[in-house]
Amino acid sequence: MARVALVTGGTRGIGAAISKALKEAGHNVAATYGGNDEAAAKFTEETGIATYKWSVADYDACAEGIARVEADLGPIDVLVNNAGITRDAPFHKMTREQWQEVMDTNLSGVFNMTHPLWPGMRERKFGRIINISSINGQKGQFGQVNYSAAKAGDIGFTKALAQEGARYGITVNAICPGYIATEMVMAVPEKVRDSIISTIPVGRLGEPEEIARAVVFLAADDAGFVTGSTMTVNGGQYLA
Ligand code: NDP
C-alpha cells in the first residue's frame, strides 16, 4: 500500500537514495534537510520529491515541520531517521561542543522526530520507524566516541520502542550501514579508502542504494513481523 514517508536528511547521500527508492516503491515522500539549500533544490529538480528544511536537533522545529508535511501530504506512516553528522576527534581532544552536536543530531534528533509522530501512529494502528545507525555504533570507532555512543543509543532506542509499538502495528527497526560510497567517504584520501576496503570481506564499499533497498523492505506493510531488529548491511566487515 502507498504510504506517506518522511526521510530526514533525505536530500543527499544515503538519504537521497532512500527517498528515491521509497518513491519508486509507490510511496508519497517528503525529504528533509538541515541547511544545504542548493543540494535540496537540485534534488527536487531531479526527483520531483518535496523537501522541507529544519534541524532535527530542535524539538519544536520538528513538531512544526511534521505538521507542515502532514498538512501537505497527509498523516506520516513511515519515518526514516537518517540525518546524521560526524564531529570526529580523539577523546582527549574532543570538545564538549563536538560531543553535544553529535548527540543532539544523531540521538536526540531521533527522539525529536519520532515523539511528535507517535500518537498518530498509535491511533491509526500503523507505523514504520527506521533508524539509520552505523557499524560504528555496533563496534565503536577510534576518534568517534561521540558518534559511536549516539549510534549505539539509536539501537537501544529502537529495541525499547519496538516493544511499546508492537501492539499498535508500529514496527521500529535499525539499519547499521558499513562504509558506503557517499561524498563523505569518497573525500577520504584514496590510500586510506583502500585500507578501509581491505577490511571489507565483500571487497568494496557499499552503495547508498543497498541501504535504500533494506529501508524499502522494512517500510512495507508486509514487514509487520520484523521489529526491534538491527539489520547489518556492511559487506561482512563486522559480524554483530
Ligand atoms: P551526508 O552527510 O551525505 O548527508 C546527511 C544528510 O543529513 C543531509 O541531507 C543533511 O542536510 C542532513 N542533516 C545533517 N544534520 C541535520 C540536522 N541537524 N537536521 C536536519 N538534517 C540534517 O550523510 P550520509 O548519507 O553519509 O549518512 C546518512 C546517515 O547514514 C547518517 O546518519 C550517517 O551517520 C549514517 N551512516 C553513514 C555511513 C557512510 O558510510 N556514509 C556509514 C554508516 C552510517 P544538509 O544537506 O542540509 O546538510
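When you check S148 against the structure, is it within 13 Å of the ligand (Cβ to nearest atom) and in contact with a Lys or Arg (Cβ under 7 Å, 6 or more places away or on another chain), yes or no? Criteria not met by S148.
Residues that are near the ligand (Cβ under 10 Å from one of its atoms) and among the charged types (D, E, K, R) within region 174-216 comprise just one, E183. If only residues of region 88-135 that are acidic (D, E) and either part of a loop (DSSP other than H, G, I, E, B) or touching a Lys or Arg at 6+ places or on another chain (Cβ under 7 Å) (or both) are counted, the one that is modelled with the lowest pLDDT is D88.
Answer yes or no as to whether V216 is at pLDDT 95 or above and either in contact with an Asp or Glu (Cβ under 9 Å, 6 or more places away or on another chain) or among the small types (G, A, S) (or both). Answer is yes for this residue. For G143, the test of being near the ligand (Cβ under 10 Å from one of its atoms) and either outside any helix (DSSP H, G or I) or more than 25 Å from D221 (Cα to Cα) (or both) is failed.
Where residues in region 99-140 are more than 16 Å from the chain's Cα centre (by Cα) and within 14 Å of the ligand (Cβ to nearest atom), which of them is least open to solvent (accessible area, probe 1.4 Å)? My answer is G140.
Of the residues making up region 158-216, those that are open to solvent by 40 Å² or more (accessible area, probe 1.4 Å) and of a type in the set (S, T, Y) are Y168, Y179, S195, S198, T199. Candidates are the residues of region 78-98 that are touching a strand residue (DSSP E or B) at 6+ places or on another chain (Cβ under 9 Å) and within 11 Å of the ligand (Cβ to nearest atom); the one that is most open to solvent (accessible area, probe 1.4 Å) is G84.
For region 217-238, residues that are away from the ligand (no atom under 15 Å from the Cβ), of a type outside the set (D, E, K, R), farther than 13 Å from I175 by Cβ and open to solvent by 40 Å² or more (accessible area, probe 1.4 Å) total 3.
Of the helices (runs of 4 or more DSSP H) entirely within region 1-76, those holding at least 1 residues that are in contact (Cβ under 8 Å) with a residue 12 or more places away in the chain, among the basic types (K, R) and open to solvent by 20 Å² or more (accessible area, probe 1.4 Å) occupy 13-24, 59-73.
The values are calculated or read from the model by the stated rules, or taken from the named source; none is laboratory data. Quick caveat, the model's predicted, so the values are computed rather than measured. Counting neighbours? That spans all protein chains shown, and the Cβs are built from the backbone with ideal geometry, glycine included. For the accessible areas, the whole protein counts, side chains as well, though only heavy atoms, and no ligand, DNA or RNA atoms are used. Shrake-Rupley method; radii C 1.70, N 1.55, O 1.52, S 1.80 Å.
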